[in-house]
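Colleague: The following block contains the structure, expressed as structure tokens.
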Amino acid sequence: MALSNVRLEVMQTIEKKVDGFIDQYLIPVEDIWQPTDLLPDLQKENYAEDIDQIREEAKELGYDFWVVLVADMVTEEALPTYESWLMDMEGVEQHGKSRGESNSWAKWVRHWTGEENRHGDTLNKYLYLSGRVNMKEIEKTTQYLINDGFDIGTGRDPYRNFVYTSFQELATNISHKRVGQLAKKKGNKMLAKMCNIIAGDEMRHYMAYREFVKTIFEHDPSEMMLAFHDMMKKKIVMPAQFIRESGEGIASAFENFSNAAQRLGVYTTEDYINILKTLNNYWEIDKMRGLTDEAQKARDYLMKLPDRMTRIADRMAIPEDQHKFKWVEPNGTL
Ligand SMILES: [Fe+2]
Ligand SMILES: [Fe+2]
């Protein structure tokens with residue numbers, strides 16, 4: 001219990017800075033882009049031409065590409081899962097006990113959710129207009145994913161959760177950016193722009209979450225180090241770990257999607273290792289002083305982990321066979 005009380009105290013101390021973090025890393029509603037800024041305006045006379053263009057450009061994109069874009073979209077659309085998970089963290093007060101109002105951490109979670117909600121919205125509308133995917137199957141997958149929930153191994157611990165979100169926001173920045181590059185290469189400018197602008201949001205979010213962790217390191221270095229170590233030892237699981245197709249159990253859909261992402265180079269084991277290196281560097285864990293013996297061991301483990309993972313990754317082969325998903329009609333070219 002003593003442990004969690006310290007965490008709560010740290011969260012309460014940092015809470016005073018959270019309004020500042022919101023101003024620094026998030027963008028007010030009136031200034032930020034909305035999905036329709038990037039999509040055809042259906043109130044226009046010649047809207048059909050724009051839709052024809054989307055459908056025409058979509059023909060150039062291959063099977064693995066669609067699988068990855070669908071799974072990325074579904075992952076974004078499971079946002080209710082992530083919001084409720086983060087709202088449940090220790091130190092987040094949706095209904096303040098003493099003041100009868102929510103605290104700044106709850107405000108952060110709501111505002112972050114508000115920004116994130118535009119991502120699934122944008123990609124969903126694009127996929128619908130592209131005419132290349134089976135929307136009903138995709139919609140079922142989204143509903144299943146929300147029904148099934150997830151377990152990312154953080155519990156209600158804010159330290160572990162902020163390691164997770166730092167990692168994940170950078171991972172989504174990378175994958176959306178790469179999807180955008182592939183789209184651009186195939187001459188699909190509209191989709192490239194969507195992916196890039198979404199990747200920009202993910203970058204801001206990553207910068208915020210890594211700052212939360214850095215601030216916690218200043219207050220509670222040993223416990224923060226142990227939390228980081230624990231998350232990396234367990235491996236960061238993806239938010240869509242339980243994704244599935246209609247009529248199927250939670251078995252292989254995530255792996256098949258992940259193989260497609262590796263084949264395309266959208267998100268690879270190398271990226272995972274690079275994210276870990278980036279976080280190690282940003283949090284300057286090599287320079288951290290005043291750690292307990294246990295936390296020092298945790299730090300040593302984290303410092304060596306990238307090399308260890310690289311050696312294992314070198315021996316791993318990515319399966320070449322494409323799984324046929326119900327989401328995508330099998331007439332792609334890639
Ligand atoms: Fe997102
Ligand atoms: Fe995100």
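The values are calculated or read from the model by the stated rules, or taken from the named source; none is laboratory data. Quick caveat: nothing in here was measured; it's all calculated off a predicted structure. FYI the Cβ positions are ideal-geometry reconstructions off the backbone, even for glycines, and counts take in every protein chain you see. What goes into the accessible areas is simple: the full protein's heavy atoms, side chains included, and nothing from ligands, DNA or RNA. Shrake-Rupley method; radii C 1.70, N 1.55, O 1.52, S 1.80 Å.
Colleague: Quick one: in region 164-207, of everything that is of a type in the set (Gly, Ala, Ser) and within 13 Å of ligand 1 (Cβ to nearest atom), which residue is most open to solvent (accessible area, probe 1.4 Å)? Let's see the steps before the verdict.
Modeller: We begin by selecting, within region 164-207, every residue of a type in the set (Gly, Ala, Ser); these are 166, 171, 175, 180, 183, 187, 192, 199-200.
After this cut, where a residue has to be within 13 Å of ligand 1 (Cβ to nearest atom) as well, the list is 171, 175, 199-200.
Numbers: Ala171: 4, Ser175: 12, Ala199: 4, Gly200: 35 Å².
Filtering first and then ranking leaves Gly200.
Colleague: Something else about it: Given the residues Ala78, Ala106, Ala58, which is the only one that is under 24 Å from Leu8 (Cβ atoms) and surrounded by 20 or more Cβ atoms within 10 Å (Cβ to Cβ)? Explain how you work it out, then say what you get.
Modeller: Numbers: Ala78 fails: under 24 Å from Leu8 (Cβ atoms); Ala58 fails: under 24 Å from Leu8 (Cβ atoms).
Testing whether each residue is under 24 Å from Leu8 (Cβ atoms) and surrounded by 20 or more Cβ atoms within 10 Å (Cβ to Cβ) leaves just Ala106.
Colleague: If I ask for residues that are more than 25 Å from Glu211 (Cα to Cα), open to solvent by 20 Å² or more (accessible area, probe 1.4 Å) and in a helix (DSSP H, G or I), which ones from region 258-287 would you list?
Modeller: Selection gives Ser258, Asn259, Gln262, Arg263, Leu264.
Colleague: Sticking with this structure for a sec: Only one of (1) of a type in the set (Lys, Arg); (2) crowded, with 18+ Cβ neighbours inside 10 Å; (3) away from ligand 2 (no atom under 16 Å from the Cβ) is not met by Arg210, so which one is it?
Modeller: (3)
Colleague: For region 25-55, give me the residue count where each residue is open to solvent by 50 Å² or more (accessible area, probe 1.4 Å), closer than 30 Å to Pro158 by Cβ and within 16 Å of ligand 1 (Cβ to nearest atom).
Modeller: 1
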